[in-house]
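Contents: one structure, followed by commentary.
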Protein chains: 2
Amino acid sequence: MSILIVSQNRNPKSWVDTLKSKNQDLDIQVYPEVDRPDDVEFAISWKHPEGIYQNYPNLKVIASMGAGVNHILKDDNLPKGVKITRIVDEQLTKDMSDFVLLQCLAVTRNLFLHWQNQQKSNWKLKSYQTPEKTTVGIMGYGNLGQAAGEKLHKNEFKVIGYANSSKTINEISVYGKQNMDEFLTQTDILVCLLPVTSETKGVLNFDLFKKLKPNAYLVNVARGEHLVENDLIKAINEGFLSGASLDVFQEEPLPESHKFWEHSQIQVTPHIASMTDPNSVAEQLLTNFEKMKSGEDLIHEVDVDKGY
Amino acid sequence: MSILIVSQNRNPKSWVDTLKSKNQDLDIQVYPEVDRPDDVEFAISWKHPEGIYQNYPNLKVIASMGAGVNHILKDDNLPKGVKITRIVDEQLTKDMSDFVLLQCLAVTRNLFLHWQNQQKSNWKLKSYQTPEKTTVGIMGYGNLGQAAGEKLHKNEFKVIGYANSSKTINEISVYGKQNMDEFLTQTDILVCLLPVTSETKGVLNFDLFKKLKPNAYLVNVARGEHLVENDLIKAINEGFLSGASLDVFQEEPLPESHKFWEHSQIQVTPHIASMTDPNSVAEQLLTNFEKMKSGEDLIHEVDVDKGY
């Protein structure tokens, strides 16, 4: 019985080493060098090539290396009946919150503008906005959204949330679908932390951007599929948005010729808002490996229909 | 009896408007258009040209527009007996803490490196350090230092302080002069928030940089006089420091030809870590104006010998 590691754009070796350090008897195969496909029952997966899981007749579980699972679910050729799990990791949640706080502070303090001015040897004062006067609207108020919201709130930002239904969590008002416009019209900095579902794909579009406060700013740290890329350019160029920080893209790595790279009001980071540390999540993966073997319910299993 | 506004590189109009809005009967003159120098008893001052205060025979108080007063005290031709005051403003303190937190998060998350990579359309992952594993050493543990330290601590950074004498304030260990080396050898990010005195001028020098943890990073948000500029370049180029964020300089605005502008490991911001909002400090200035008139003790008066 074997564990398969499938890791595109990430280093599989650190996963093998970390898993072996927990249990040196594990039988681990690394894609694409797989001699014994029939032995594979459990795959640990990041952005696998579509269709490959058809080649493992005894596969029972595909475990995402990250919090997101859309990179798995978007494959139309997944074997039937395979269970999908996601990572739930406090460190991953905390790292994401830190990155969102960093972006919100950088926006209010004009850090990117000052950095651009430095490239021109240009000493140019610009007054700043304080967190107390800045409303951050968080779209998607699950685990990640709530943690980011509370971190921002603790650092004196005004915070509102958006989720399927309205509620108040730890003093923060979360607006539901019926009140989406009310949420948008208050928002200076829009942070997207939604899961990818058929409903949320393309939700960051021109119509939405127009409803935000004048000169609002977008931070997308969820998935590239949420954003209609041309609509972002249009909304910035027409003055509805003052700019955007994007950590995720429809195609990753972002192609060299992509217009985002060169846009002076768009900051590109290479999907580093939160990066899974194998050490920090090996235990939950191995727990599920054991649960699978003994036929128990898995932890952090994804509802495939909902998509999260 | 008249108030003089002396404001180099800053807009005097917002000061006049704000003071007038509090008391429209105030007699305010703006340097250099001063018709009645004999009427001036109270000056509100930012980076005045050296020697000018000799021209006001009845001047009693020079009030700094900011928390620092070295820009006043360094003038060897101040009239004798004139009192100096500084601004103490919670908002100014808070703004400074926010900026220090922003810099520390930007450093740990490699934000400047990612921006540089963006200019080259270069998608390049780099793993980050978490706040929990990053020790920020704060030199100068007065009002500003303590506020920054507590904000960083609240955001899970490891924080230590350095001051004249050792103490523990709200769980944070502050090292005294005898233990400076112990402070330095633990420090990943060194934040300078010292006042400028004869002892602290040039304290940020090569010998000090060599004692920090390997690849340490400097954040100077105090005053340009603390830093030996060539020593910084040397320490970065020889690999003792990984970089620096500088908000203050020996000459401001930083001259166009200065080598800091183009150094890829130095981030320049134009003295904007905390900017005095006239609205937020007009009251304390006018309070001192009234106290001066009635011969009472001033608030926030500076000990000229100590320099703070």
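The values are calculated or read from the model by the stated rules, or taken from the named source; none is laboratory data. All figures in this text were calculated on a predicted structure; none of them were measured in a lab. Positions of Cβ are generated from backbone atoms using ideal geometry, with glycine treated the same way; all protein chains shown enter the neighbour counts.
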Can you say whether B:Gly243 is touching an Asp or Glu at 6+ places or on another chain (Cβ under 9 Å) and modelled with pLDDT of 95 or more, as far as the supplied structure shows?
no
Scanning the range A:277-292 for residues that are within 18 Å of A:Lys20 (Cα to Cα), touching a residue at least 24 places away in the same chain (Cβ under 8 Å) and in a helix (DSSP H, G or I) gives A:Pro278, A:Asn279, A:Ser280, A:Val281, A:Ala282, A:Glu283, A:Gln284, A:Leu285, A:Leu286, A:Asn288, A:Phe289
Restricting the search to the range B:113-140, which residues are over 17 Å from B:Asp188 (Cα atoms) and touching a residue at least 40 places away in the same chain (Cβ under 8 Å)?
B:Gln116
With respect to A:Gln146, determine if the residue is within 30 Å of B:Pro278 (Cα to Cα) and of a type outside the set (A, V, I, L, M).
no
Report yes if some residue within the range B:150-165 is more than 14 Å from chain A (Cβ to nearest Cβ) and over 21 Å from the mean Cα position of the chain (by Cα); otherwise report no.
yes
Mind listing just one residue for me: the one in the range B:243-271 that is in contact (Cβ under 8 Å) with a residue 60 or more places away in the chain and out of contact with any Pro (no Cβ under 9 Å at 6 or more places or on another chain) and, of those, nearest to the other protein chains (Cβ to nearest Cβ)?
B:Gln267
Scanning the range A:144-192 for residues that are on the phi < 0 side of the Ramachandran plot, surrounded by fewer than 16 Cβ atoms within 10 Å (Cβ to Cβ) and in contact with a helix residue (DSSP H, G or I) (Cβ under 8 Å, 6 or more places away or on another chain) gives A:Lys154, A:Asn164, A:Ser165, A:Ile169, A:Asp181, A:Thr185
Being out of contact with any strand residue (DSSP E or B) (no Cβ under 6 Å at 6 or more places or on another chain), modelled with pLDDT of 95 or more and assigned to a helix (DSSP H, G or I) is the requirement here; does B:Ile236 meet it?
yes
Show the residue pairs meeting these rules: Cβ distance below 7 Å; 6+ apart or different chains; first residue within the range B:143-167 and small (Gly, Ala, Ser); second residue assigned to a loop (DSSP other than H, G, I, E, B) and surrounded by fewer than 20 Cβ atoms within 10 Å (Cβ to Cβ).
B:Ala163/B:Gly176; B:Ser165/B:Gly176; B:Ser166/B:Gly176
The range A:256-308: number of residues that are among the hydroxyl-bearing types (Ser, Thr, Tyr), closer than 16 Å to A:Arg223 by Cα and modelled with pLDDT under 95:
3
If you take just the strands (runs of 3 or more DSSP E) that sit entirely in the range B:40-111, which of them hold at least 3 residues that are surrounded by 22 or more Cβ atoms within 10 Å (Cβ to Cβ)?
B:40-46, B:61-64
When the range A:120-142 is checked residue by residue, the ones that are facing chain B (nearest Cβ under 8 Å) and part of a helix (DSSP H, G or I) are A:Pro131
Pairs please, first residue from the range A:38-54 and at pLDDT below 95, second anywhere and hydroxyl-bearing (Ser, Thr, Tyr), Cβ atoms under 6 Å, 6+ apart in sequence or on different chains.
A:Trp46/A:Ser7
Apart from one, (1) more than 15 Å from A:Asp277 (Cα to Cα); (2) part of a loop (DSSP other than H, G, I, E, B); (3) touching a residue at least 40 places away in the same chain (Cβ under 8 Å) all hold for A:Ile3; the odd one out is (2)
